[in-house]
Amino acid sequence: MSFFLETLLGGLMSGMLYSLVALGFVLIYKASGVFNFAQGAMVLFAALSMARFSEWIPQWLGMDNLFMANLLAFAISVVVMFTVAWLVERLVLRHLVNQEGATLLMATLGIAYFLDGVGQTIFGSDIYKIDVGMPKEPVMMLENIFEGGILINKEDFVAAFISALLVVALSIFFQKTATGRALRAVADDHQAAQSIGIPLDRIWVIVWCVAGITALVAGIIWGSKLGAQFSLSTVALRALPVVILGGLTSVPGAIIGGLIIGVGEKISEVYLGPMVGGGIEIWFAYMLALMFLLFRPQGLFGEKIIDRV
Amino acid sequence: MSGRNIGEVILDLNNISLSFGGVKALTDISFNVREHEIRAIIGPNGAGKSSMLNVINGVYRPQHGEIILRGEHFANMNSYKAAKAGLARTFQNIALFKGMSVLDNIMTGRNLKMKANILQQAFWLGPAQREELEHRLKVEEIIDFLEIQHIRKIPVGRLPYGLQKRVDLARALAMEPQILLLDEPMAGMNVEEKQDMCRFILDVNDQFGTTVVLIEHDMGVVMDISDRVVVLDYGKKIGDGTPDEVRANPDVISAYLGASH
Amino acid sequence: MFYRENGQFKTSYQADQQIFPIPQDRWVILGIVAFAFFGIPLLVDEYLFRAILIPFLILSLAALGVNILVGYCGQITLGAGAFMAVGAYAAYNFLIRVSGMPMLGAILLGGITAALVGIVFGIPSLRVRGLYLAVATLAAQFFWDWAFLRVKWFTNDASSGSVSVANLQLFNWSIESPTDKYLFCLGILVVLGLMAKNLVRGSIGRQWMAIRDMDVAATVIGIRPLYAKLSAFAVSSFYVGVAGGLWGFVHLGSWEPAAFSIDRSFQLLFMVIIGGMGSIVGSFFGAAFIVILPIFLNQMLPLVGGLFGLEVSIALVSHVEIMIFGALIIFFLIVEPHGIARLWSTAREKLRLWPFPH
Ligand SMILES: Nc1ncnc2c1ncn2[C@@H]1O[C@H](COP(=O)(O)OP(=O)(O)OP(=O)(O)O)[C@@H](O)[C@H]1O
Ligand SMILES: [Mg+2]
């Protein structure tokens, strides 16, 4: 029982991170109809920027304060991600307005390649450390309920907590602020939003900035766990089934989908994996999403659309 | 209209209701279409006219009602069945295959009649080759009929609007349909283009005996060429009869006056 | 002056329906094929065969397959690499498990297996489009990546899925030297290339394009999406699968699943975008471009770096390479969605009217 609970909790916590990345997908999709394949490349780019600047800044300034270095590196990385967002809008999206979904998808694949290339050219392609003081030691919990308690990684716990916080903050931002309302108006109907004077290009820059921030947070969390390295760019591929489950246009869908996939992956890997030789978590989520698609093409929370002719 | 023999009821729609989420596009609509006639559907914007055509040829599935086509009941019609049963249509917002040439667009209309299998096509064997030629000849007849010889090889995306509408009609005619559904075939055309289009529709009806169901906003045209008219408003049928009857119908008058104010 | 269509009136629809309706085109293509068969083997050295020509031929074949699906039928795929893998490993299994199986037979059966698998993974396309479909094809990619790595039966118990094939033989022709390998691939490419051309100009090709351009209108004229889409998946996967078999058997000789990873899938998609979606020649342009660009950069970048006194490492070259790919994808999608093929046909139209542009 306690082993099952450990697995479940582990799944929920990695699921929270998936939710975060998935949220990046959903935000961009809602506001611009773009399925952003570059989300993973953005995570990598942000993580590399964070890792390298926190390493370079102490050298440049000759100081030795880890906290200050991290803070500065974080600030710079935010600026970097904003710049990326702005450039993407300027150089790419602006020229592809009203193109089909598939074309936009391929364009973001191009952006992903470009960012991967640039990121590694500027920041290098080794494994870099991100040390933001995440607690590393495992803790025992619920010892009085179960025999032996359950073992939890504090780092995962903190990570899940931060992700949850960000997810909540973004939901509030979406629901309550004027910008958030404008974003939702754009998501509902581009043309109508434009006709009441909401500037589309600005909205796009904003959502890409927000997606950049989620990428940065995800990058820092993952980076401090695994190191900032190329494989981070694959987290987007891991988070993709999440949005399929949740529906591309639904924020709660992204969150719940993330949790389902996180748990599904862990449980399948632990209980199903040994039977078939292991390593199945990579495709399991995809198969789950695929089965799901066949029965509910619009996802858990997405709305069904009948083509007009 | 004279000369043609308007026949028995060929298409019968019974108690059709269709809604999208909360929007009731059609509420309990019944009417019929007789063989060889020109049947118009009119009504203000959003009345449910296009939805009606979409129900007839299986693009939308109504929640209630049935379609009887030549005595056969279709509980759930789909586009393929409709095409097989001899229904063809054109679209309000032209739905041509914009990456293909005019000729290829019209050739797709022959698709149901082409039988060569994929291997015969891959090796361009006798049957595939013969078939291609045979259907090309038929398509060329339609091209001549609609007077679009000069644009055969042009990608449809490059054509002006009026010609695109004509190609849309050509593609539908290539199916040699028994019933032709036309969704605002003259919308956005100038007077001359409208006259041409009217002439084509009348010729099709006259020469091939094709039954025509037509949505049109231009009242002059509707009253001129149609045999009977159905009037829809907010998804409900408010009138049905000959042009003269409909014109005199008080509900219709008030719907139109209401809509224009 | 010599290349023009006006003045050559076609006297029948039959003449108009030939595979290459313009006589000059026919001669040029015949010339190129003849040169490829008889001229190139005399002129080219081993390195060029190995590094450029053989990969070019095989990837062209794969790009043709991807183009049928993406360019002609409008169904996006991010899992083409997996179908190469299915083709390669299926061919391998036919070869070692069926005694007396000829090599060409194994490769073709590999293609057929890939076609069947393609149909299965194409089923979601009947329900979903665009982005969602991309996910379905990714599922194929990850599933087969895993299967060939972990399921021992597929690889005859080889560790980490690495297998090898030796002694290629076609009837009595032993395909050993790079020249032989090149000619073998060229033969297959020419045959399958012509078949592809026939398919896309016939009724099945029109069905694919109709589904791509406007699927509702296509069903209304009686095209069944089920048949059109799944046939595109099948034909496409067959081409890609045969290419996979050739890549494994002829180009690599021994290979592991990583040879057909998701990067391969992206690379194939890029070839089609850059070369020209919905264009047979475009597939060749795209493949040529993607094979040659890295080699070109490998030569050029160190030279350019040298001018500025910079040392250019191999890693840097590879980063610059993916950067350039990314930028080019975006460039083509924005500026010329029909790729190099369109640039080429525009140039040709100019040539056709030359020297009197009116
Ligand atoms: N695919 C769809 N999804 C959701 N609502 C739809 C769809 N198709 C039609 N509707 C709704 O059904 C109602 C009827 O629309 P329809 O297009 O049939 O009207 P119409 O009479 O053809 O109008 P118009 O003259 O403007 O063409 C409208 O309220 C429309 O918004
Ligand atoms: Mg309408």
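The values are calculated or read from the model by the stated rules, or taken from the named source; none is laboratory data. Keep in mind it's a predicted model, so treat the numbers as computed, not measured. Cβ coordinates were reconstructed from backbone atoms using ideal geometry, including for glycine residues, and neighbour counts include every protein chain displayed. For the accessible areas, the whole protein counts, side chains as well, though only heavy atoms, and no ligand, DNA or RNA atoms are used. Shrake-Rupley method; radii C 1.70, N 1.55, O 1.52, S 1.80 Å.
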The answer for the net charge of residues other than residue C:325 whose Cβ lies under 15 angstrom from its Cβ, with Lys and Arg +1 and Asp and Glu -1, is -2
In nm, to one decimal, how far is the modelled label at residue C:152 from the one at residue B:34, with both set 7 Å along Cα→Cβ? 8.0 nm
If you fit an axis through the alpha-carbon atoms of helix B:161-174 and take the longest principal axis of the Cα set of chain B, what angle between them do you get, 0 to 90°, nearest 10? 70 degrees
If we sort B:182-192, C:101-111 on the protection proxy, mean other Cβ atoms within 10 Å, highest first, what's the order? C:101-111, B:182-192
At 7 Å along Cα-to-Cβ for each site, give me the label-to-label distance between residue C:51 and residue B:123 in nm. 4.2 nm
How many partner chain Cβ atoms sit within 10 Å of a residue's Cβ in peptide C:207-214, on average, as a whole number? 6
Have a look at C:287, C:15, C:82 and tell me which one the Gaussian network model of chain C (Cα, springs below 10 Å) gives the largest fluctuation. C:15
Report the charge-dipole magnitude of the range A:2-295 in Debye, nearest 20, computed about the Cα centre from +1 at each Lys and Arg Cβ and -1 at each Asp and Glu Cβ. 740 debye
Counting only heavy atoms of the protein chains, get the accessible area per residue of the range C:52-353 (1.4 Å probe) and round it to a whole Å² value. 35 Å²
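Please compute, for peptide B:88-97, the average count of beta-carbon atoms on other protein chains lying within 10 Å of each residue's beta-carbon.
Neighbouring Cβ atoms belonging to other protein chains average 4 per residue here.
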Can you spot the lysines whose alpha carbon is less than 24 Å from residue B:236's alpha carbon? Ignore those fewer than 8 places along the same chain. B:24, B:49
Pick from C:30, C:310, C:78: which residue has the top mean-square fluctuation in a GNM of chain C where Cα pairs under 10 Å get a spring? C:310
Summarise the partner chain shielding of B:110-120 as one whole number: the mean count of Cβ atoms from other chains within 10 Å of each residue's Cβ. 4
Largest-first principal axis extents of the Cα set of chain C (Å): 66, 61, 45
Report the relative contact order of chain C, percent, no decimals, based on alpha-carbon pairs under 8 angstrom and at least 6 residues apart. 29 percent
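Taking R0 as 35 Å, what's the FRET efficiency between residue C:160 and residue A:131 from their Cβ-Cβ distance, rounded to 0.05?
0.55
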Convex hull volume per residue in cubic angstrom - Cα atoms of the range A:1-130: 143 Å³
Please check: in the Gaussian network model of chain A (C-alpha springs, under 10 Å), which one of A:114, A:35, A:74 has the largest mean-square fluctuation. A:114
Listed peptides A:79-86, B:195-202, C:131-138 by packing density, highest first (mean Cβ within 10 Å): C:131-138, A:79-86, B:195-202
Of the DSSP H helices in chain C, the ones reaching 20 Å or more along their long axis in Cα terms and averaging at least -1.0 in Kyte-Doolittle hydropathy are C:80-97, C:103-122, C:130-150, C:178-201, C:225-246, C:280-307, C:314-335, C:339-353
Simple SL model, points at 7 angstrom along Cα→Cβ for residue C:25 and residue A:56; separation in nm is 5.3 nm
Given charges of +1 on the Cβ of Lys and Arg and -1 on the Cβ of Asp and Glu, with all other atoms neutral, how large is the dipole of the protein assembly as shown about its Cα centre, in debye to the nearest 20? 700 debye
The range C:93-226, relative contact order [Cα under 8 Å, separation at least 6], %: 16 percent
Spatially close lysines, pair count over chain A: Cα under 28 Å, gap of eight or more or interchain: 12
Could you work out how far helix B:191-207 tilts from the main Cα principal axis of chain B, as a 0 to 90 degree angle to the nearest 10? 80 degrees
Order these peptides, C:183-196, A:191-204, C:229-242, by their mean beta-carbon neighbour count within 10 angstrom, highest first. C:229-242, C:183-196, A:191-204
For a quick size check, give me the Cα extents of chain A along its three principal axes, largest first, whole Å. 63, 58, 38
So the angle from the long Cα axis of helix B:126-145 to the longest Cα principal axis of chain B, reported in degrees to the nearest 10, equals 50 degrees
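Can you put A:60, C:247 in order of accessible area, largest first, using a 1.4 Å probe?
I get A:60, C:247, largest accessible area first.
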If r is the Cβ-Cβ distance from residue A:64 to residue C:173 and R0 is 51 Å, what FRET efficiency results, to the nearest 0.05? 0.10
Hydrodynamic radius of the protein assembly as shown per Kirkwood, over alpha carbon pairs, in Å: 30.7 Å
Chain A: DSSP helices with Cα axial extent of at least 27 Å and average Kyte-Doolittle hydropathy no lower than -0.5: A:2-32, A:39-61, A:66-87, A:101-123, A:154-176, A:200-226
Relative contact order for the range A:2-295: what is it in percent, counting Cα pairs under 8 Å that are at least 6 residues apart? 38 percent
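Translational D (Stokes-Einstein, µm²/s) of the range B:97-174 at 10 °C and 1.306 mPa s when Rh comes from the Kirkwood sum over C-alpha pairs?
Values: Rh = 12.9 Å.
For these conditions, the coefficient is 123 µm²/s.
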